[in-house]
1. Say a label goes 7 Å from Cα toward Cβ at residue B:240 in every copy; what distances in nm does this one have to the rest, shortest first?
2. Distances from residue A:73 to the same residue in each other copy, label points 7 Å out along Cα→Cβ, in nm, shortest first?
3. Run through all the Cα pairs of the range A:177-249 and give the fraction in each 5 Å bin from 0, expressed as whole percent.
4. Please list, in order along the range A:33-39, the HN-Hα scalar couplings obtained from phi with the Karplus expression 6.51 cos²θ - 1.76 cosθ + 1.60 (θ = phi - 60°), rounded to whole Hz, x for Gly and Pro.
5. If you rank B:150, A:161 by fewest surrounding Cβ atoms within 10 Å, what's the result?
6. Just want the ordering: A:37, A:45, from fewest to most Cβ atoms lying within 10 Å of their own Cβ.
7. Which value, in debye to the nearest 20, describes the size of the charge dipole of the protein assembly as shown about its Cα centre when Lys and Arg Cβ atoms bear +1, Asp and Glu Cβ atoms bear -1, and nothing else is charged?
8. Take chain B, connect every pair of alpha-carbon atoms lying under 10 Å apart with a spring to form a Gaussian network, then pick out the residue of B:94, B:64, B:124 with the largest mean-square fluctuation.
There are 2 protein chains.
Amino acid sequence: MTTNQKFNFRNYVKNTSLTVGVNPVIFSVSEDKLKVLLATFDPRLKKSLPGGAILKNENADDAANRVLQETTGLESIFLKQFHVFSEPDRFSYATVYNELHEESYKPPEDIDIPDRVFTIGYFALVNFDTVHPTGGIINVMSEWVDIDTIPELMYDHNLIIDEALSSLRKELFFEPIGYNLLPEKFTMPELQRIYEIILDKPLTRSNFQRKMLNWGIYERLGERKEGVSHKRPFLYRFDKERYDKAIKTGINFCL
Amino acid sequence: MTTNQKFNFRNYVKNTSLTVGVNPVIFSVSEDKLKVLLATFDPRLKKSLPGGAILKNENADDAANRVLQETTGLESIFLKQFHVFSEPDRFSYATVYNELHEESYKPPEDIDIPDRVFTIGYFALVNFDTVHPTGGIINVMSEWVDIDTIPELMYDHNLIIDEALSSLRKELFFEPIGYNLLPEKFTMPELQRIYEIILDKPLTRSNFQRKMLNWGIYERLGERKEGVSHKRPFLYRFDKERYDKAIKTGINFCL
DNA sequence: TCTTCATTGTATCGATGTGATACAATAAAG
DNA sequence: CTTTATTGTATCACATCGATACAATGAAGA
């Protein structure tokens, strides 16, 4: 235990102009593909993730939920913070202006433009069919893009998506979150496709079904799926009560 | 794909005075207990985690490493970001001044004091014996405290420690990080105690040993531990090459 | 020197879980 | 009525797991 010089506020280097924002990576599955919602800020620029600054009275989760709501119209869906991106030069409005080929960049004098922006990465899971993408507040429009064909994005947003996907895969080991990508009622084969698409590898059908049933967190409904040209699969629903009970007795969701 | 109003910088609410910092939760094991390094900023105040602001040319990892170095003298040890704490009112210098019972708080006029501080939580694993705690730059001193007897801390630092411990436990499933708490050469019973202490539950000795050997990431050295009044256990060392190989072929580190 | 005692390395047993395969049931399409 | 694709479930061989047993060992104590 050693004693040091006394703290002095002057030792802090103040970042003169700083913003902290959020960037949700919004995943969905459609047409057998994992998709991410990308935003267009200006058609002349590269695409980017949806995002926004954290406002005065918000915490980070509030901000992420707000951006999600603005962008997808959805509330209270699966949303999880996964990483902060903090490189000093990760963000600069000068870059944006240069890409717009506006005459040499000079910051507007009556507006505060941050020198530095931290962003907190979130990943969200939504059911494709319930979303009607809008541009939110700050973007012109947004659209779903296959995870395999993501173009070069603004700032470090390609990195953010990579990290989001790997965090999503990790999270599958701790929480059975796949059902968030499906409608309320779903079949086992549908759930299996979700896992196969996220993990990008095939799973054995009978073993997958056995494991899901053993978890005991899905309620088999009386009905079966209609309109299929073969044996009709059962419909299931995620059962929060059974899930809580399973958690208490200690279950692991490894595949 | 819908079109929205054009982005306007004025829609951003600028946080007039903002700091982003880091708070490493530094874990070690000693005397069969999991310990956390706590700092004292002023003896009249509650204790807190070590921490500091992210400087102009640093990213978050740089800052966390710097604080760790300032506090423990150690470099390049296990350090991992786990969560951002962002409540609007989580931090206020006014509170600090009030606790000091200084006459009604008035911010110093020549110094920038942030209205709001975000902090990025890190957890670190260090070998107790190699650390000689100092107060770092901003604290008077620091000391090890048992995880079971953490007192009420400043700000939201109790919450940060709780989250750090649960993140540490999660991480054990993905990476065999326990050895970071031990000296370079260690025995299997020593490693088992680390896991038992972190997970706070007993493990069966023979099965633990079998599993560790099956992972094939620890090299058994020729020597055995000396000076024990019973059969001398083998010494092992974490083998980075074997670890990388095991990762490639896909291993899971569940206990 | 001999005995005691705590601890370690390893083998083994039955129970449980896993991957792979098989097969009957079923519902629309032809 | 047959064909075809898919589903629910059973089963087999094998791996892994928890629990127990036991010989080996090295210092401490008699």
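1. Spelled out, the distances from residue B:240's label point are 4.8 nm.
2. For residue A:73, the other copies' label points sit at 6.3 nm, shortest first.
3. Answer for the range A:177-249: a P(r) of 3, 15, 25, 26, 20, 9, 2, 1, 0 percent.
4. Running phi through 6.51 cos²θ - 1.76 cosθ + 1.60 with θ = phi - 60° gives 10, 7, 10, 10, 8, 10, 10 Hz.
5. Going from least to most buried by this count: B:150, A:161.
6. Values: A:37 23, A:45 15.
If I rank by nearby Cβ atoms, fewest first, I get A:45, A:37.
7. On the way: 64 positive and 74 negative charges, 493 e Å.
Using only the charged Cβ atoms, the result is roughly 2360 debye.
8. Its mean-square fluctuation being the largest, the pick is B:94.
A short reminder: the numbers here are calculations on the coordinates, not readings from a lab. This structure is a prediction, so every number in the text was calculated from the model and none was measured. No Cβ is skipped: glycine too gets one built from the backbone with ideal geometry, and neighbour counts run over all protein chains shown.
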